[in-house]
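Visitor: This is the structure I want to talk about, given as structure tokens.
The values are calculated or read from the model by the stated rules, or taken from the named source; none is laboratory data. Since the model is a prediction, treat every value here as computed from it, not as a measurement. Backbone-built Cβ (ideal geometry, glycine too); neighbour counts: all protein chains shown. Accessible surface is based on the protein model in full, side chains and every heavy atom, while ligands, DNA and RNA are left aside. Shrake-Rupley method; radii C 1.70, N 1.55, O 1.52, S 1.80 Å.
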There are 2 protein chains.
Amino acid sequence: MPVVVVDVMPKPEILDPQGKAVQGALPRLGFSGVTDVRQGKRFEITVEGEVTDAVLEQVHQMAETLLSNPVIENFTVRVAASDAGTVA
Amino acid sequence: MPVVVVDVMPKPEILDPQGKAVQGALPRLGFSGVTDVRQGKRFEITVEGEVTDAVLEQVHQMAETLLSNPVIENFTVRVAASDAGTVA
């Protein structure tokens with residue numbers, strides 16, 4: 001079944017304490033060369049049937065009302081491959 | 001500066017309470033046709049200079065040691081556009 005991916009990230013002008021914590025930990029772990037880290041959320045939404053414009057519009061509304069806080073977060077909606085497995 | 005994106009998702013065989021909570025809320029909000037929701041994390045890592053294989057290898061190690069728990073999560077590493085802004 002098709003998977004729609006919603007990425008939710010803190011807006012650029014919003015402080016991101018989680019990202020800063022990761023960024024602060026990197027040098028202590030021996031990693032260098034990283035100038036910024038932002039942490040957000042990723043949702044993989046499996047939908048029934050075809051991904052039509054109406055379905056994408058519905059996912060857009062889900063993202064706006066449930067998955068993100070539009071005051072402090074931006075989001076993107078896109079269609080992933082049917083077997084959108086994340087592989088390590 | 002180039003941005004490397006790390007997506008961290010719970011492994012398919014692992015229960016995902018956050019995703020299930022979202023899935024359970026959708027019908028109450030009037031959304032139908034969603035068969036599954038998985039919630040994970042997305043990191044945008046800004047690196048200095050060029051994204052070489054060595055840099056990607058280093059980000060891979062960060063993902064494995066700091067950004068994910070390899071026992072319960074899979075991750076993917078990919079290069080995003082330089083101005084990888086997420087737009088609502």
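Visitor: Go through the range A:15-34 and report how many residues are in a loop (DSSP other than H, G, I, E, B) and either within 14 Å of B:Ala63 (Cα to Cα) or facing chain B (nearest Cβ under 9 Å) (or both).
Guide: 5
Visitor: Oh, and also: Checking A:Val5 against (1) β-branched (Val, Ile, Thr); (2) in contact with a helix residue (DSSP H, G or I) (Cβ under 9 Å, 6 or more places away or on another chain); (3) more than 7 Å from chain B (Cβ to nearest Cβ), which single condition isn't satisfied?
Guide: For A:Val5, the failing item is (2).
Visitor: Can you say whether B:Glu57 is more than 7 Å from every other protein chain (Cβ to nearest Cβ) and either more than 17 Å from A:Val3 (Cα to Cα) or surrounded by 12 or more Cβ atoms within 10 Å (Cβ to Cβ) (or both), as far as the supplied structure shows?
Guide: Judged against the criteria, B:Glu57 is a match.
Visitor: Here are the criteria: (1) in contact with a strand residue (DSSP E or B) (Cβ under 8 Å, 6 or more places away or on another chain); (2) basic (Lys, Arg); (3) without any contact (Cβ under 8 Å) to a residue 40 or more places away in the chain. Tell me which single one B:Lys11 does not satisfy.
Guide: If we test B:Lys11 against (1) in contact with a strand residue (DSSP E or B) (Cβ under 8 Å, 6 or more places away or on another chain); (2) basic (Lys, Arg); (3) without any contact (Cβ under 8 Å) to a residue 40 or more places away in the chain, just (3) comes out false.
Visitor: Pull up the range B:31-50, narrow it to residues that are within 20 Å of A:Leu26 (Cβ to Cβ) and modelled with pLDDT under 95, then point me to the one that is least open to solvent (accessible area, probe 1.4 Å).
Guide: B:Gly49
Visitor: So how many residues does the range A:61-82 have that are open to solvent by 70 Å² or more (accessible area, probe 1.4 Å) and not in a strand (DSSP E or B)?
Guide: Number satisfying all stated conditions: 5.
Visitor: May I ask you to verify whether A:Val51 is of a type in the set (A, V, I, L, M, F, W, C), assigned to a loop (DSSP other than H, G, I, E, B) and within 17 Å of A:Thr76 (Cα to Cα)?
Guide: Taking the combined requirement at face value, the residue satisfies it.
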